[in-house]
Amino acid sequence: MIDIHCHVLYGVDDGAPDLSTSQAMIDHMAKTGVTDVIATPHYRHHMFSYPSQKIEEAYQRLREYAASVGVDLSIGCEYHVDHDIFDHLETGRVHTLADTSHVLTEYSYSDSLDRILSYTQELIMRGWKPIIAHAERCEVFQRKPRMVIEAADAGAGIQVNADSILGLDGRLVKKTSRKFLDLGIVDYIASDAHDMDERAGHMEQCYTFIRKKYGEDITHMLFEKNPGKIIARKRV
Ligand SMILES: [Fe+2]
């Protein structure tokens, strides 16, 4: 499996608080069949500053550890969308996913479809490939899951969290994420893991569930083939 969204870097956001937690998370990934991971620390104005130097230090240190247990670690960012996103991407203030043209974008719960579409279109026009992080958490898609087709048609990749599908984040995100799967609109399933406790991100259980319900081909596409296309283009 390839995980394109997780908060495994220690001390840089609300994810792993320290090196030992990061290492435990990496160990868990290795044990459960995750071979490639993109660490995606939050950038969110006034909330998560994306401290570049700390991120770089934690990344270099953890990358070595991950390699020693057979996990290939890359760097990225989960960008909570605001008007600075274009500038921050163009100047390299934040990492894209594995430093490719793929960008993990996060929207607020109550963001409108218009806002999501307009940022998606503008990012694409500027040469980026936006992916909507845990789209099942957006109110607009919870109300009408089919609306997500408009975002996909606009060119956004759709990422869903493993725990949402498993029902570990509440009834509504479960229902919405399952509807996305039935619509065949999901491109990536990721852990969005923050720790080893309540927000561990159950990739292995989700993989088993998807394989049972949707079969081998869909499972391969969601956990390996699609995220593998990002990893294949990585520049670091
Ligand atoms: Fe996240």
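Coordinate-derived values only; no laboratory data. All of these numbers come straight from a predicted model, not from anything done at the bench. Note: ideal-geometry Cβ built from the backbone for every residue, glycine included; neighbour counts use all protein chains shown.
Mind sorting His102, His83, His220 by how few other Cβ atoms lie within 10 Å of their own Cβ, fewest first? Intermediate results must be reported in sequence, preceding the final value.
Details: His102 22, His83 9, His220 14.
Going from sparsest to densest Cβ surroundings: His83, His220, His102.
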### Task
Evaluate the distance, in nm, between pseudo-label points positioned 7 Å from the Cα of Gln53 and of Asp182 along their respective Cα→Cβ axes.
5.3
### Message
If amide hydrogens are placed 1.01 Å from N in the peptide plane, which non-local residues have theirs closer than 5 Å to the one on Lys129?
### Response
His102, Val103
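Take every DSSP beta bridge whose two residues both sit in the chain, then give the antiparallel share in percent to the nearest 5.
Details: 1 of 23 bridges.
Antiparallel: roughly 5 percent of the beta bridges in the chain.
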### Query
So how far, in whole Å, is the C-alpha centre of the stretch 31-59 from the one of the stretch 171-236?
19
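Is the shape of the stretch 2-232 best called rounded, prolate or oblate, per the rule: a/c under 1.5 gives rounded, else a/b larger than b/c gives prolate, else oblate, with a ≥ b ≥ c the square roots of the Cα gyration tensor eigenvalues? Before the final figure, lay out each step's value.
Numbers: a/c = 1.58, a/b = 1.11, b/c = 1.43.
Oblate, since a/c reaches 1.5 and b/c is not below a/b.
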### Query
How many nm is it between the label spots at Ser68 and Glu216, if each spot is 7 Å from the Cα in line with the beta carbon?
3.7
### Query
Got a sec? How would Ile116, Ile38, Ile185, Ile85 order by Cβ neighbour count within 10 Å, fewest to most?
Ile185, Ile85, Ile116, Ile38
### Query
Whole-Hz Karplus ³J(HN,Hα) for the stretch 163-169, in order, using 6.51 cos²θ - 1.76 cosθ + 1.60 and θ = phi - 60°, x for Gly and Pro?
5, 5, 5, 6, x, 8, 10
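Checking understanding here: applying a Kyte-Doolittle mean of at least 0.0 and a length along the axis of at least 15 Å (C-alpha), which whole DSSP H helices in the chain pass?
Flagged H segments are 113-125.
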### Task
Check cross-link reach from Lys213 to the lysines: straight Cα distance under 21 Å, and skip same-chain residues fewer than eight apart.
Lys174, Lys175, Lys179, Lys225
### Summary
HN-Hα couplings for the stretch 138-150 via Karplus (6.51, -1.76, 1.60; θ = phi - 60°), in whole Hz with x for Gly/Pro, come out as 7, 4, 4, 7, 5, 5, 9, x, 5, 4, 5, 4, 5
